[in-house]
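The values are calculated or read from the model by the stated rules, or taken from the named source; none is laboratory data. What you are looking at is a predicted structure, and each value in this text was computed from that prediction instead of being measured. Here the Cβ positions follow ideal geometry from the backbone for every residue, glycine too, while neighbour counts run over all protein chains shown.
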Amino acid sequence: MKNHVWRPLFAVIGIIVLILIARLFYVPHDFGIHERGFMYGWYRNNNIEDWKQVKVKYQGRDYCKDCHSDKYESILKSPHSIIQCENCHGPAIDHPSDPPKLAIDRSRAQCLRCHFPLPYPSSGRAKIRGIDPDTHNRDFQCVTCHNPHKPNLSIR
Amino acid sequence: MISRRDFLKYTVKGAAGLAVPLAAIEIVNPKKILADSQGIGKTRWVFLVDTYKCVGCGFCVKACKIENEIPYDANVTRTWVERYVNTKDGRLFADTPKGARDGFTTNKIDLGLGKFQDVKNEDIRRSFFVPKLCNQCENPPCVQVCPVGATYQTPDGVVLVDRTWCIGCGYCIMGCPYGVRFFHPKYHTAEKCNFCYHRISKGLKTACVQACPFGARMIGNIKDPNDPVTKIVTTERVGILKSEYGTKPQVYYIGLDEEVR
Amino acid sequence: MVHGEIWTLKELFVLPNEYIYWSIQIVMYPFMTGLVAGAFVLSSLYHVFGIKELKDIARFALVFSFALLFAAPMPIVLHLQHPFRGINVMMTPHFTSAIAAFGIVFFSYGAIVASELWFLYRKHFVESALALREKQDKSLYENILYLVFCALTLGVTDISQEALHKDEKAIKTLAGIGIPVACFLHGYAGFIFGSVKANALWMTPLMPVIFIMSAVVSGIALCMLTYIITMELRKFLMGIKKAHAVGFQTKEDLKSVEINVIRMTAKYLLFFLIAAISLELLDLIFRGYTAVKSWDVLRSVIYGRDFAAIFLFQYGLGNAVPFILFLLPGLTLRRAVVGVLLVLFGVFMMRYNVVIGGQAFSLTFMGYMHYELPIIPHDWETLKEGLFGALGIFVMPFVLFWVLSHIFPIFNYEESH
């Protein structure tokens with residue numbers, strides 16, 4: 001009793017011990033310092049796995065090749081061969097099981113992404129031919145006349 | 001008056017009390033550095049952007065938003081494309097409407113607050129597009145400032161966010177000099193480009209690289225000398241963004257200009 | 001809707017992900033911690049340096065500092081997107097982050113203030129506990145009070161002269177340790193901003209020092225204000241009860257004590273105010289003189305867009321006017337009240353101009369962001385990060401102070417030492 005001065009310190013130590021015990025139960029066991037050291041590598045290791053589990057949606061044109069070989073072949077011969085199928089047809093995800101049908105973007109805006117004329121020097125955009133959407137058949141979808149798989153001015 | 005002896009006593013005890021939590025961390029997590037040494041030394045993901053090839057179509061942004069489940073109409077995005085327009089009378093304009101999710105389909109510059117600037121093609125001295133994404137810095141300031149260890153750098157150099165651990169303080173958003181971070185509208189945790197970690201770890205390209213028709217975007221492993229990206233980065237003249245911050249960004253640019261912010 | 005979009009207006013070239021993510025609650029946060037630190041420093045001026053004139057306000061300031069301490073982390077909690085995960089800061093602290101220090105600094109500071117209070121009021125706890133134990137037929141309230149006081153004694157009932165002498169020594173030590181810790185608590189709040197290299201306005205090593213100085217200013221000002229209010233209330237109550245002979249104090253006694261305390265404290269307020277203004281001006285001049293890359297956009301914000309907020313409200317109304325008010329001879333209570341209110345407003349504006357001003361321009365240095373404080377709340381987010389959230393935070397310490405004053409008698413407490 002004679003040294004009551006230390007009582008608050010005991011109380012504080014008690015609280016710290018409680019926090020440390022709580023920590024044991026609260027913090028996941030794979031949380032710790034990893035390869036990049038404490039500054040850049042202080043994390044829950046399983047989170048890397050979590051990120052790897054994210055579903056792949058864009059499968060790439062090779063995914064389409066086997067079933068849609070005709071389309072695949074035809075577009076490869078056109079200037080649009082550089083464009084991925086999924087840029088217009090939407091992500092395949094698990095097509096044909098899920099989704100069974102893909103929603104095709106046939107909007108004028110889709111074509112204008114490249115074909116609105118912006119003759120910017122030192123940008124690849126200057127080399128792409130464009131149309132003025134305000135004067136060029138403004139009420140029609142581009143695909144009414146142009147076949148995106150064979151755009152070589154071959155009117156449908 | 002307090003005696004010197006008493007003072008020292010208090011000081012030592014106080015310091016000991018403060019040191020306890022620091023020491024405890026080491027005790028509770030013994031299996032550090034060794035953990036998993038598979039990736040070390042083999043892979044360091046880097047990115048290469050060729051601004052000459054970019055046409056500002058925005059397919060990369062669209063693909064990114066869908067691939068990485070960022071609500072399509074939310075005004076945030078992991079990657080975006082900027083347009084710079086330098087006029088003959090010396091003015092500089094730049095914009096990135098909706099992050100160029102729908103590309104650039106007008107020559108009007110978006111000035112914000114619903115205002116637009118019409119720039120005639122003949123007044124343009126030069127103009128170009130610059131795609132942006134997370135630089136996966138070698139010294140990421142966003143990771144340094146995270147108070148809880150919810151964002152970190154993987155052994156192969158990608159900065160990830162742990163959505164189960166992020167408290168949403170926004171310090172990392174403030175700490176990023178490149179403005180690549182934001183709060184995910186659904187998960188309300190810090191969100192950023194992670195080079196499509198789920199894709200590159202399966203050997204695929206990132207969604208933006210795959211979606212780009214012009215080859216303006218490339219991803220590669222700088223530790224592989226035969227990687228096309230490595231060859232360009234090591235043999236050609238490439239630039240990085242905002243080197244003055246000392247973050248050592250790992251997205252390299254061909255055709256970068258002083259006026260690119 | 002994206003967080004921040006509702007109160008952010010973008011102009012010219014702003015990056016798509018840029019919003020004012022740190023809004024009014026982050027203005028409140030350094031404001032409140034500043035008040036904590038300032039109140040503590042004020043109380044320590046008496047306990048450590050033995051400035052006798054501050055004796056009356058010192059005890060008061062300490063209790064108030066304790067009340068503020070609980071309110072200080074609230075703005076951060078309200079601001080977090082995941083408030084319930086806030087505990088992670090204590091569980092997996094990442095010490096390379098300035099915010100991670102929060103858990104440690106806040107906890108040690110709280111421990112110091114609580115311990116100091118314990119020593120200061122130990123005699124009262126013991127006496128109250130003993131008195132309540134003796135009492136027959138305790139009401140429920142008294143029973144609870146009895147338990148509280150028993151717990152507060154921490155099992156020590158020794159209140160001999162010798163023991164009380166030890167208390168006094170402990171208080172002095174704790175107050176001594178407390179000053180650097182209080183400065184650290186607030187200096188680190190400045191460090192949170194000053195160390196953000198991505199932000200051209202925030203990044204300066206002066207930031208922590210500026211924050212500490214203005215913290216002490218605001219802390220002293222709030223203590224003076226609350227002191228005057230409580231003294232006025234007591235005088236008012238005395239008037240009603242017509243009990244002129246409570247103890248040794250009369251209405252006139254109180255009045256003379258009050259104005260003396262206020263005049264004395266005002267001198268210290270002035271001293272810290274000068275230090276704070278000098279540092280802020282130094283920062284401003286230095287930025288203009290060195291004029292690095294970011295200066296163009298900073299200048300347009302400081303001298304253009306935010307001119308009124310910075311030069312009229314912060315420096316003019318918040319610094320210059322109270323400076324003159326306090327400097328004029330014959331300080332009256334009324335003038336002091338106006339002065340401290342303006343000082344508090346000025347410090348608040350300083351926090352506002354730092355936090356919001358730092359986000360008023362884009363990382364591109366080619367665009368601006370305007371902040372529109374949500375006033376009428378229409379959802380949880382605009383409530384907590386709007387006018388009412390901020391006001392709630394500001395009122396909170398006063399409520400806490402009222403609650404605490406039931407356990408720690410602030411006035412009419414006869415000092416044993």
Handout entry: Subset of segment C:317-336 [of a type in the set (S, T, N, Q) and either on the phi > 0 side of the Ramachandran plot or not in a loop (DSSP other than H, G, I, E, B) (or both)]
Key = C:Asn319
Handout entry: Subset of segment C:182-212 (residues that are in a helix (DSSP H, G or I) and surrounded by fewer than 24 Cβ atoms within 10 Å (Cβ to Cβ))
Key = C:Cys183, C:Phe184, C:Gly187, C:Tyr188, C:Phe191, C:Gly194, C:Met207, C:Pro208, C:Val209
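Quick grid of which residues meet (1) within 17 Å of B:Ala63 (Cβ to Cβ); (2) among the polar types (S, T, N, Q); (3) in contact with a helix residue (DSSP H, G or I) (Cβ under 6 Å, 6 or more places away or on another chain):
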position: A:Ser69; (1), (2), (3): no, yes, no
position: A:His80; (1), (2), (3): yes, no, no
position: A:Pro91; (1), (2), (3): yes, no, yes
position: A:Ala103; (1), (2), (3): yes, no, no
position: A:Arg106; (1), (2), (3): no, no, yes
Problem - Flag if B:Gln250 is under 20 Å from B:Thr79 (Cα atoms), at the interface with another protein chain (Cβ under 9 Å from one of its Cβ atoms) and of a type outside the set (D, E, K, R) - result: no
Practice task
Examine segment B:173-186 for a residue that is within 24 Å of B:Val61 (Cα to Cα) and more than 10 Å from chain C (Cβ to nearest Cβ), and state whether such a residue exists.
Solution key: yes
Handout entry: Yes/no for A:Ile33 being in contact with a Lys or Arg (Cβ under 6 Å, 6 or more places away or on another chain), β-branched (Val, Ile, Thr) and at pLDDT 90 or above
Key = yes
Practice task
Could you list all residues from segment C:175-184 that are in contact (Cβ under 8 Å) with a residue 12 or more places away in the chain and more than 8 Å from every other protein chain (Cβ to nearest Cβ)?
Solution key: C:Ala175, C:Gly178, C:Ile179, C:Val181, C:Ala182, C:Cys183, C:Phe184
Practice task
Tell me which residues, restricted to segment A:112-140, are facing chain B (nearest Cβ under 7 Å), outside any loop (DSSP other than H, G, I, E, B) and out of contact with any Ser or Thr (no Cβ under 8 Å at 6 or more places or on another chain).
Solution key: A:Cys114, A:Gly124, A:Arg125
Problem - Residue count, segment A:73-88 (criterion: within 24 Å of the chain's Cα centre (by Cα), surrounded by fewer than 17 Cβ atoms within 10 Å (Cβ to Cβ) and more than 7 Å from chain B (Cβ to nearest Cβ)) - result: 1
Practice task
Scan segment C:42-96 for residues that are part of a loop (DSSP other than H, G, I, E, B) and either at pLDDT 90 or above or within 14 Å of chain B (Cβ to nearest Cβ) (or both) and jot them down.
Solution key: C:Val48, C:Phe49, C:Gly50, C:Pro73, C:Leu80, C:Gln81, C:His82, C:Thr92, C:Pro93, C:His94, C:Phe95, C:Thr96
Exercise for the section: Quick one: count up the residues across segment C:97-109 that are more than 8 Å from chain B (Cβ to nearest Cβ) and closer than 20 Å to C:Met396 by Cβ. Expected result: 3
Handout entry: helices (runs of 4 or more DSSP H) contained in segment A:1-69 and holding at least 3 residues β-branched (Val, Ile, Thr) and within 9 Å of another protein chain (Cβ to nearest Cβ)
Key = A:7-26
Problem - Qualifying position, being among the small types (Gly, Ala, Ser) and touching a Phe, Trp or Tyr at 6+ places or on another chain (Cβ under 7 Å), among C:Ala98, C:Ala111, C:Ala71 - result: C:Ala98
Practice task
Just name the residue that is modelled with the lowest pLDDT out of those in segment A:70-100 that are among the hydroxyl-bearing types (Ser, Thr, Tyr) and in a helix (DSSP H, G or I).
Solution key: A:Ser74
Exercise for the section: From C:Ile144, C:Ile171, grab the single residue that is out of contact with any Ser or Thr (no Cβ under 6 Å at 6 or more places or on another chain), within 30 Å of C:Pro30 (Cβ to Cβ) and in a helix (DSSP H, G or I). Expected result: C:Ile171
Handout entry: Some residue of segment C:6-19 being part of a loop (DSSP other than H, G, I, E, B), over 29 Å from C:Tyr268 (Cβ atoms) and of a type in the set (Val, Ile, Thr)
Key = yes
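Results for (1) surrounded by fewer than 22 Cβ atoms within 10 Å (Cβ to Cβ); (2) under 19 Å from C:His186 (Cβ atoms); (3) in contact (Cβ under 8 Å) with a residue 60 or more places away in the chain, shown as yes or no for each residue.
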position: C:Pro75; (1), (2), (3): no, yes, yes
position: C:Leu80; (1), (2), (3): yes, no, no
position: C:Val89; (1), (2), (3): no, yes, no
position: C:His94; (1), (2), (3): no, no, no
position: C:Ala100; (1), (2), (3): no, yes, no
position: C:Ala114; (1), (2), (3): yes, yes, no
